[in-house]
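Before any comments, here is the structure.
The values are calculated or read from the model by the stated rules, or taken from the named source; none is laboratory data. This is a predicted model, so every value here is computed, not measured. Cβ placement follows ideal geometry from the backbone for every residue including glycine, while neighbour counts extend to all protein chains displayed.
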Amino acid sequence: MSRIRILPEILSNKIAAGEVVQRPASVVKELVENSIDAQATQIEITIKNGGRDLIQIIDNGVGLNQEELTLAIQRHATSKIAEIEDLFRIRTMGFRGEALPSIASVSMMELVSKASGSDAAFSLEVQAGRAADVAPIAWEQGTRITVKNLFFNVPARLKFLKAKRTELNHILERVKPLALIHPDIGFKLVADDKVVFDLRVSSPEERVIALFGSEYRDKIIPVEDSRGNIKVSGFIGNLDLVRVARGEQYLSINHRPISDRLINNAVYQAYKSLIQRGEFPFYMLNISVPLNEVDVNVHPTKTEVKFNDEWRVYHVVKETVESGLRQTLKVMPGFQSRPQAAPLFSPNDATSPQTSFSITGTDQPDPHASPRSPEESEVLEKARQFSQVLDRGTVEEKPQRQTGGFIWQVHNKYILSQINNGIAIIDQHVAHERILYEEALRDMDENKGVSQQLLFPASQEFSADDYNILVDIIPSLNTLGFRLREFGPRTILVEAVPNGMRGGSEGAILKEIIDYYRENRVFDYSPSKRLAASYSCKAAVKAGDPLTEEEMRVLVDRLFATENPFYCPHGRPIIINLSIDELDKRFERH
């Protein structure tokens with residue numbers, strides 16, 4: 001018998017599903033792209049249990065007739081290409097003809113459609129790749145595709161799915177770029193009977209605001225430029241929209257969402273003098289090029305493309321963003337200067353050594369934070385550093401600040417203090433971080449975080465994915481001293497903040513906590529420690545914050561009272577000790 005055989009169609013579809021249908025978000029992406037190609041002006045997405053139990057897409061597009069409905073579930077059946085030359089002038093979102101048969105092979109799927117101009121609608125049920133007969137049904141214009149029990153027949157894939165909120169966030173990551181690119185299409189997303197967003201047809205600017213919140217209204221800058229046959233258009237954000245985690249950077253080529261490290265780098269280079277390492281600006285840019293100068297057929301999920309002249313595209317994108325920044329530097333408040341640090345104590349508190357340090361209004365970068373690189377080597381290195389340090393013990397003897405000894409601040413970054421056996425050089429940010437980290441762990445463990453009531457409760461609006469993360473951690477944040485509660489779609493009401501944290505900065509601080517929590521989720525040593533580390537990193541004083549002498553003394557005394565004053569929660573050293581003996585040796589004093 002021959003060792004070479006033709007795979008059964010059901011098995012080949014499952015293999016294709018492994019490439020195309022990685023999780024519920026993949027299903028949503030493929031089906032929504034089909035709706036866009038079908039010229040829909042309204043798309044409704046319904047999700048249950050993160051997409052495990054139900055994914056339903058309803059559109060008002062051109063629909064399918066009875067024959068087309070049957071062909072649509074055949075592998076490599078497509079209406080979008082007919083000859084090899086079509087691969088080099090693709091105008092549609094999908095074209096491989098793999099999505100529907102791949103999805104049908106790992107789910108229970110029903111297709112209902114009525115073709116434009118037809119009097120009849122038809123339905124087709126497919127279970128694990130096996131189709132029933134097409135049957136007539138009552139249905140209005142367009143198509144409804146219902147996917148139930150995803151991966152019910154592939155348990156190995158099912159067990160790798162995450163919690164429903166995590167899967168919902170992956171869905172949002174796929175839908176948001178499509179909604180941004182197509183403001184001429186209405187999008188509605190309902191998850192577990194709650195409306196996540198309901199986007200009406202609007203202008204591109206209003207679509208950004210509808211997705212990310214009203215605070216973006218005066219902080220996004222329209223850009224548009226062209227060089228030859230390359231055109232770049234869209235929006236960039238001012239410095240108020242800079243985040244410390246990736247996630248609000250959107251690129252598209254001919255209105256197709258893409259991921260491209262070189263083009264992303266072009267934008268970062270334009271911002272280079274304005275942001276620090278580990279900071280990420282908002283941008284949403286579409287690159288228009290002739291169809292025959294870009295190949296979109298280089299990846300199964302069509303998220304990567306190949307340009308004929310990628311460096312030319314790089315320079316056009318970079319120059320377009322630089323031009324937009326130059327024109328707005330003098331008129332956009334967010335670009336004039338970075339916010340200055342607020343004093344650590346209010347005037348009434350300055351004499352009280354027991355007063356908690358406040359979270360300042362600065363957005364100076366965390367000096368030890370670094371972005372998670374896509375390269376696995378960097379991820380593994382970062383994972384190694386977390387694994388090393390969180391509860392790193394010490395056998396060193398705790399220092400003691402010498403009463404009445406000198407204390408100085410060097411470059412608004414380091415504190416020099418005379419201690420019992422020499423001199424201590426202290427990094428003020430990581431010192432305060434260690435203090436807040438231990439206090440946060442204690443407060444969460446004992447559920448007794450001290451709050452200060454805001455005079456007027458503040459409502460904070462978040463993007464859908466930020467909101468999902470925040471809702472998950474509200475109970476833990478409340479044990480730290482926050483008082484937060486859900487207040488309408490994507491809105492949180494802040495009634496109180498931890499003692500010492502001034503009102504007015506709560507929105508920015510919560511977003512930084514979300515960013516930090518999201519970026520470090522993969523290194524999940526424990527939820528409480530991750531949240532404590534997130535809060536302490538963002539609430540601590542920053543490098544560059546000027547401190548009074550009293551503030552420095554209080555900071556040093558509180559540091560020396562912690563369980564581990566030598567390392568921050570992420571393993572960076574806090575103190576460098578220079579003993580009297582070492583100083584004597586350095587000066588050759590015998």
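Of everything in region 405-417 that's outside any strand (DSSP E or B) and not small (Gly, Ala, Ser), which residue is modelled with the lowest pLDDT? Going through the qualifying residues, I end up with PHE406.
Could you tell me which of the residues GLY18, GLY50 is at pLDDT 95 or above and part of a helix (DSSP H, G or I)?
So the residue among GLY18, GLY50 that is at pLDDT 95 or above and part of a helix (DSSP H, G or I) is GLY50.
Does region 213-220 contain at least one residue that is crowded, with 16+ Cβ neighbours inside 10 Å and part of a strand (DSSP E or B)? Yes, there is a match, as at least one residue in region 213-220 is crowded, with 16+ Cβ neighbours inside 10 Å and part of a strand (DSSP E or B). Candidates LYS114, LYS159, LYS164: the one that is more than 18 Å from GLN74 (Cα to Cα), free of Cβ contacts under 8 Å to residues at least 24 places away in the same chain and in the same structural domain as GLY51 (by TED's automatic domain parsing) is LYS159.
Candidates in region 53-77 are the residues that are more than 20 Å from VAL106 (Cβ to Cβ), in a loop (DSSP other than H, G, I, E, B) and polar (S, T, N, Q); of these, the one that is modelled with the lowest pLDDT is ASN65.
Quick one: what pairs do we get from region 441-464, first residue under 17 Å from ARG485 (Cβ atoms), second surrounded by fewer than 16 Cβ atoms within 10 Å (Cβ to Cβ) and of a type in the set (Ser, Thr, Tyr), C-beta under 6 Å, 6+ apart or different chains? Within 6 Å, the pairs are SER459/THR491; GLU461/THR491.
Residues in region 559-585 that are part of a helix (DSSP H, G or I) and over 20 Å from LYS529 (Cβ atoms): PHE560, ILE580, ASP581, GLU582, LEU583, ASP584, LYS585. Summed over region 21-47, residues that are in a loop (DSSP other than H, G, I, E, B) and of a type outside the set (Lys, Arg) total 6.
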